[in-house]
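Encoded as C-alpha cells, the structure appears first; notes follow it.
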Amino acid sequence: MDLLYKIIFYINGFIIVWAMVGYPVSLKIIGKLFKKRELKKDFSHQPTTTVMVVAHNEEKVILEKLNNIIELNYPKEKIEFLIASDNSTDKTNEIVKQFVKEHQNFNIRLYEVKKRKGKTNAQNEAQKTVKTEFLVMTDANSILDKDSVKELMAAFTSEDIAYVSGRLSIVNQTSSDVSSAEASYWDSDLATREIEGRIQTVTAGNGALYACRTKDYYDFDPIQCHDSSMPLLYALQGKRAIANHDAIAYEKAGEVIEDEFGRKVRMNRIILKHILPDIRILNIFKYKWFSYFYFGHRTCRYLLWISHLLVFITNALLLSESWFYVVMFVGQALFYLLALVRAITKSNNKYLTLVYYYCVTILAQWVGVYSILTGKAKPFWEKAESTR
C-alpha cells in the first residue's frame, strides 16, 4: 500500500507544482525561444462590427457603459451596438431605450431576452440578429479603451485567426488586499496568455472583451461560458485564438472575499468537464503546442482541488516512511494554518493574503464540484456589487 500512496502523492504533487510554478516558468523559456514571433496587426482592417453588451439588472452602470461605447475610435458607419438584456427587471431596459432615443445618430438597439438563462444564452439569442462581419463582446461593468475595437480588428490578420481576446486591466487593485491579490493573479496570467497566443493559441480568454467572426460564432450550452469554451472550440477546429493586450477593458475586481469567492465558484460551474473536455487534445502531433498549453494551463489547474486533498491524505499516511514526509506534512499544515490565521485576523500582510487567496481559490473549486454533483450548477448568477 505504501507504494500506492507514494505514487498518488508524487503524481498529485507534480500536478500542483507544475500548475503553479513549472508551467509558467517553462512558458517563459519557450517564449524566449520564439521571441521572433510577434503579434501582427493590420490597422487598415476595419470590417463591419457589432459591439454586444450583455446586461442583467445593470441600472447602476449601463448608462456609463453606453456613453463609453459610442466614444470608441472606429468608423461610425461600420460599427453597431447591441445591448442584450438578460430578462432585466430593474431600470436597465428603460435607460437603454431612452439612450437610443436620444442618440439616433448611432446604430444602437436593445434585444430583450424574455426568460433569464444566463449570459451565454443571451449572447446566443442576440447573435442571431447580428448582420455585421465581426462581433465584439463585452460586459456591462467593463469600460473599454477608445481604441479597443480597432485593436481587436487589427489582430485578425489571417483567416485562421478566429478569436482575439483583449486585456482586462484591474482599476481598483489598491482598494483592498483582495483586489490586489486578484490583480496579481491577472498580471501573471496575462503574461502566460501573451506567449501562448504568440506561439499558437490561448487556452482561454476573458469575458470583459473579446471578438470573433460572426460566421464562426457557436451556440454553446448556456451553462458554458465563452471565456473557456471559444478558444478550445477554435483550437480543435485547427484555428487560432490569440490575445491582443493593446485592446484594453478596465474593470473592478471584487473588493471583499465573498465577491471574489462567488465569482470563482461561478467560473468552476463546469470544472469537471474542462479537466479534459475533449480527448483529441492529447494528440500532440495534430494540435502541437496547444496540447502542452492546455495540460499545463488548464488541466493541472482544474485538478488542484483534488490534488491538494490527495497529497495531504497520502502524506499523512506516509509519515513513518522518512523525515521528508514529515517535513512536507508540516509544511502543508502550516500553509493552511496561515490561511486560517488570515481569515480570522483579517491581516493586511501581503504574503498572508496571497496564501489565503490561493486557499479560497481551491475552496471555490470544491464548491463548484459540489454544485455539479448535486445538480445545483446554474448558468446565471447574482453580480458582485463591489465590482460595480
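Just so you know, all these numbers are worked out from the coordinates, no wet-lab data involved. Quick caveat: nothing in here was measured; it's all calculated off a predicted structure. Backbone-built Cβ (ideal geometry, glycine too); neighbour counts: all protein chains shown.
Rounded to the nearest 10 degrees, what's the angle between the helix 23-33 long axis and the longest principal axis of the chain, both from Cα atoms, 0 to 90?
For helix 23-33, the angle is close to 60 degrees.
Between segment 321-350 and segment 3-44, what is the C-alpha centre distance in whole Å?
So the separation of the two Cα centres works out to 26 Å.
Would you please classify the overall shape of segment 57-193 from the alpha carbon gyration tensor, given that a ≥ b ≥ c denote the square roots of the eigenvalues, rounded means a/c under 1.5, and beyond that prolate means a/b larger than b/c while oblate covers the rest?
Oblate, because a/c is 1.5 or more while a/b does not exceed b/c.
Share of Cα-Cα pairs in the chain beyond 33 Å, in percent? Could you put the intermediate results ahead of the total?
Working: 25216 of 75078 pairs.
Here the tail beyond 33 Å accounts for 34 percent of pairs.
Pairs of alpha-carbon atoms within less than 8 angstrom and 6+ residues apart define the contacts here; what relative contact order does segment 247-361 have, in percent?
Dividing the mean separation by the residue count of segment 247-361 yields 17 percent.
For segment 49-295, give the magnitude of the charge dipole about the Cα centre (Cβ charges: +1 Lys/Arg, -1 Asp/Glu; no others), in debye to the nearest 20.
Taking the Cα centre of segment 49-295 as origin, the dipole is about 900 debye.
Taking a quarter of the surface of the Cα convex hull of segment 88-145, what do you get in nm²?
Projected over every direction and averaged, the Cα hull of segment 88-145 covers 5.1 nm².
Which of rounded, prolate or oblate describes segment 269-388 when judged by the alpha-carbon gyration tensor and an a/c cut-off of 1.5?
oblate
For the pair Asn349/His103, report the inter-label distance in nm, with labels modelled 7 Å from Cα in the Cβ direction.
4.9 nm
Quick one: angle between helix 226-236 and the longest Cα principal axis of the chain, in degrees between 0 and 90, rounded to 10, please.
80 degrees
Give me the net charge for the shell around Pro47: Cβ to Cβ below 15 angstrom, other residues only, Lys and Arg +1, Asp and Glu -1.
Neighbourhood net charge equals 0.
Antiparallel as a % of all DSSP beta bridges within the chain, to the nearest 5?
Expressed as a percentage, antiparallel bridges in the chain total about 25.
In the neighborhood of Gln237, defined by Cβ-to-Cβ distances under 13 Å, what is the net charge if each Lys or Arg adds +1 and each Asp or Glu adds -1?
Local charge sum for Gln237: +2.
Of Leu319, Trp366, Thr201, which is farthest along the charge dipole of the chain in the positive direction, counting Lys and Arg as +1 and Asp and Glu as -1 at C-beta?
Thr201
Just in segment 9-75: which chymotrypsin sites (Phe, Trp or Tyr not before Pro) are loop by DSSP and have at most 14 other Cβ atoms within 10 Å? Walk me through the intermediate numbers first.
Working: sites: Phe9, Tyr10, Phe14, Trp18, Phe34, Phe43; in loops: Phe34, Phe43.
Passing both the DSSP loop test and the Cβ count: Phe34, Phe43.
Just want to confirm a number: the relative contact order over segment 49-295, from Cα pairs under 8 angstrom separated by 6+ residues, in percent. Write out the running numbers ahead of the final one.
Details: 466 pairs, mean separation 55.2, N = 247.
Over segment 49-295, the number comes to 22 percent.
Compute the Cα gyration tensor for segment 206-315, then decide on rounded, prolate or oblate, letting a ≥ b ≥ c be the square roots of its eigenvalues: rounded whenever a/c is under 1.5, prolate when a/b is larger than b/c in the other cases, and oblate in all that remain.
Oblate, because a/c is 1.5 or more while a/b does not exceed b/c.
Once both axes come from the Cα atoms, what is the angle between helix 2-17 and the longest principal axis of the chain, in degrees from 0 to 90, rounded to 10?
Here the helix axis deviates by roughly 30 degrees.
Net charge near Lys97: determine it from the other residues with C-beta under 11 Å of the C-beta of Lys97, scoring Lys and Arg +1 and Asp and Glu -1.
With Lys, Arg at +1 and Asp, Glu at -1, the neighbours total 0.
Summing -39500 (n - 2.57) over the DSSP H runs of n ≥ 4 in the chain and dividing by its residue number, what mean residue ellipticity at 222 nm do you reach, to the nearest 500 deg cm²/dmol?
Helix contribution divided over all residues of the chain: -14500 deg cm²/dmol.
From the backbone phi of segment 122-127, what are the Karplus-calculated ³J(HN,Hα) couplings (6.51 cos²θ - 1.76 cosθ + 1.60, θ = phi - 60°) in whole Hz, Gly and Pro given as x?
4, 5, 4, 5, 5, 4
Going by average Cβ density within 10 Å per residue, which order do the peptides 366-379, 187-200 take, highest to lowest?
Taking the mean over residues of other Cβ atoms within 10 Å, the ranking is 187-200, 366-379.
Could you give me the ³J(HN,Hα) list for segment 347-354, computed from phi with Karplus coefficients 6.51, -1.76, 1.60 and θ = phi - 60°, whole Hz, x at Gly and Pro?
Whole-Hz 3J(HN,Hα) from phi for segment 347-354: 4, 9, 4, 4, 6, 4, 5, 5.
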